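Novice: One structure follows; several queries about it will come next.
The values are calculated or read from the model by the stated rules, or taken from the named source; none is laboratory data. From a predicted model like this one, the values you see are computed outputs, not experimental measurements. In this analysis, Cβ positions are derived from the backbone assuming ideal geometry, glycine residues included, and neighbour counts consider all displayed protein chains.
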Amino acid sequence: MKLYGYLASPYVARTLLTARWKGCGLELTPPHGGSIKSPEYLAVNPLGKMPALEDGGRCLAESTVICEYIDETQSGRKLMPEDAMDRAQARLLARLVDTYAAPNAGALARNANPAIRNDAEVQGSLAAIRKALGDIEKFMGEGPWAGGARPGFADAVMAPSFWSLQLMASLYGVSDLLDGLPKLGRWMQAVDADPVSGSLRKEYEQAFRAFLASKKK
């Protein structure tokens, strides 16, 4: 298997986290041609997005699909729960993050430059993120992980998106996104304390800050 993308993307980071929790040595490869829009990469993933996973001469796109494929095909503990309702719950949490929380990071990225900042758009985005996190809190279990006592599929999908949201919010002096959300607060503590996800968070944040710095040049 070969994974294409850049670590600064939370969608790439979640596939790496899935692979690392599975214990498989999946290496990250920059997109062909140096860009996700290059003809070489589009031949692999016509969507022009990352990540893309190449395996056996075939390609997969969309990070949650890739995460499930890694879980199903690689040896090691299954990250997706055995119980049907628990599986649905894991997919629900992943969908809530991708549909309601993560998309609002775009407005924060667009307004990172104070000289051209739309404060109303920023405040609207932060409010929407807080609303989404409050909704996610209602579907979390008692923890410490999203599905119970051990990290699983939902945690792998959610964690890098939360890292991204917290980093983007910090650009505007916001450091309390999880205040008043005790389940998510306990969950994030578990994510940070885990040697696999805790280590990847440090790698991700370094890559994310390097990406931001490159945009200022």
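Matching residues to (1) surrounded by 14 or more Cβ atoms within 10 Å (Cβ to Cβ); (2) not in a helix (DSSP H, G or I):
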residue	(1), (2)
Ala19	yes, no
Lys37	no, yes
Glu40	no, no
Pro46	no, yes
Cys59	yes, yes
Leu96	yes, no
Ala105	yes, no
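Novice: Being in contact with a helix residue (DSSP H, G or I) (Cβ under 9 Å, 6 or more places away or on another chain) and either touching a residue at least 12 places away in the same chain (Cβ under 8 Å) or closer than 28 Å to Ala213 by Cα (or both) is true for just one of Pro151, Pro114. Which residue is that?
Specialist: Working: Pro114 fails: in contact with a helix residue (DSSP H, G or I) (Cβ under 9 Å, 6 or more places away or on another chain).
It is Pro151.
Novice: Based on what the data block shows, is Ser9 in contact with a Lys or Arg (Cβ under 6 Å, 6 or more places away or on another chain) and either surrounded by 13 or more Cβ atoms within 10 Å (Cβ to Cβ) or farther than 22 Å from Leu165 by Cβ (or both)?
Specialist: Working: in contact with a Lys or Arg (Cβ under 6 Å, 6 or more places away or on another chain): no; either surrounded by 13 or more Cβ atoms within 10 Å (Cβ to Cβ) or farther than 22 Å from Leu165 by Cβ (or both): yes.
Against the criterion (in contact with a Lys or Arg (Cβ under 6 Å, 6 or more places away or on another chain) and either surrounded by 13 or more Cβ atoms within 10 Å (Cβ to Cβ) or farther than 22 Å from Leu165 by Cβ (or both)), Ser9 does not qualify.
Novice: Restricting attention to segment 179-193, report how many residues are farther than 13 Å from Ala159 by Cα and either within 18 Å of the chain's Cα centre (by Cα) or of a type in the set (Asp, Glu) (or both).
Specialist: Adding up the residues that qualify gives 1.
Novice: Quick one: Gly143 ticks every box in (1) crowded, with 16+ Cβ neighbours inside 10 Å; (2) without any contact (Cβ under 8 Å) to a residue 40 or more places away in the chain; (3) at positive phi; (4) not acidic (Asp, Glu) except a single one, so which number is it?
Specialist: For Gly143, the exception is condition (2).
Novice: Restricting to segment 146-184, name every residue that is part of a helix (DSSP H, G or I), among the charged types (D, E, K, R) and surrounded by fewer than 23 Cβ atoms within 10 Å (Cβ to Cβ).
Specialist: Lys183
Novice: Which is modelled with pLDDT under 95 and closer than 22 Å to Trp163 by Cα, of Ala115, Ala105? Before you say what the answer is, go through the steps one by one.
Specialist: On the way: Ala115 fails: closer than 22 Å to Trp163 by Cα.
Just a single option satisfies the conditions, and that option is Ala105.
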